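One structure, as structure tokens, below. Some questions next.
The values are calculated or read from the model by the stated rules, or taken from the named source; none is laboratory data. None of the values given here were measured: they were computed from a predicted structure. We place every Cβ from the backbone using ideal geometry, glycine too, and count neighbours over all the protein chains shown.
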Amino acid sequence: MTGTGLRLFCAVAAFAAIGAAPEPDIIIPVAGMRASDLVDSWDKDRAGGRIHHAIDIQAPLGTPVLAAMDGRIEKLFASKRGGLTIYQRSADGRLILYYAHLQGYRRGLAEGQAVKRGQVIATVGASGNADPAFPHLHFQMLATVPGSGWQDGEPINPYPLLTGARAGVRRGN
């Protein structure tokens, strides 16, 4: 391991070892959802032997998707699995938020654009490999270091953060 990979590994390991990662100021990224509406789908088996390192937030097609925290849009991307996706970096650069299976982006949303917590960035969909009968937001958080790539990081289960199981978390939108 060299360069960015080694730097990322060392930084994430250091934060985990000493508990130095600050509690993120985060909201549930789907309009109208409460903590009690969420289901912890972290670590569930997926097709092809994959493990789900995210949570799925079921909501009606077209429901607004909100920026879960302040930050910057790193990448707007369409993929076979995730469909329409957004990668957002937190304001301090230590988290990447991944929003997938979107129906569409907010008009005018662009890479490099600053976003505020609670701002509409997209709508819930069933794009990519999502079941059309189960529209949802696939929401993933990655611990990273400032300057790393938009896809680089170590997955963190967002469920305890979004449900208030850890101190300092906003439960409402």
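Which residues, taken from the range 132-159, are out of contact with any strand residue (DSSP E or B) (no Cβ under 9 Å at 6 or more places or on another chain) and modelled with pLDDT of 90 or more?
Of everything in the range 132-159, those that are out of contact with any strand residue (DSSP E or B) (no Cβ under 9 Å at 6 or more places or on another chain) and modelled with pLDDT of 90 or more turn out to be Pro132, Ala133, Val145.
Looking only at the range 81-88, decide whether some residue is surrounded by fewer than 19 Cβ atoms within 10 Å (Cβ to Cβ), out of contact with any helix residue (DSSP H, G or I) (no Cβ under 7 Å at 6 or more places or on another chain), modelled with pLDDT under 95 and farther than 17 Å from Gln119 by Cβ.
Checking the range 81-88: at least one residue is surrounded by fewer than 19 Cβ atoms within 10 Å (Cβ to Cβ), out of contact with any helix residue (DSSP H, G or I) (no Cβ under 7 Å at 6 or more places or on another chain), modelled with pLDDT under 95 and farther than 17 Å from Gln119 by Cβ.
Do the conditions hold for Ala110, that is, is it without any contact (Cβ under 8 Å) to a residue 12 or more places away in the chain, surrounded by fewer than 21 Cβ atoms within 10 Å (Cβ to Cβ), hydrophobic (A, V, I, L, M, F, W, C) and not in a strand (DSSP E or B)?
No, not satisfied.
Write out, first by first residue and then by second, each pair whose Cβ atoms fall under 6 Å of each other, whose residues are 6+ apart or on separate chains, and whose first residue, in the range 140-166, is under 20 Å from Ile28 (Cβ atoms) while the second is among the hydroxyl-bearing types (Ser, Thr, Tyr).
Here the result reads Gln140/Tyr98, each pair linking the range 140-166 to a residue that is among the hydroxyl-bearing types (Ser, Thr, Tyr).
While we're here: What are the residues in the range 113-130 that are surrounded by fewer than 21 Cβ atoms within 10 Å (Cβ to Cβ) and closer than 19 Å to Asp92 by Cβ, if any?
Result: Gln113, Ala114, Lys116, Arg117, Gly118, Gln119.
If you check every pair at least six apart or on different chains, which have Cβ atoms under 8 Å apart with a residue in the range 62-79 that is at negative phi first and a residue that is among the acidic types (Asp, Glu) and surrounded by fewer than 21 Cβ atoms within 10 Å (Cβ to Cβ) second?
From the range 62-79, the pairs are Met69/Asp25; Asp70/Asp25; Ile73/Glu111; Glu74/Glu111; Lys75/Glu111; Leu76/Glu111.
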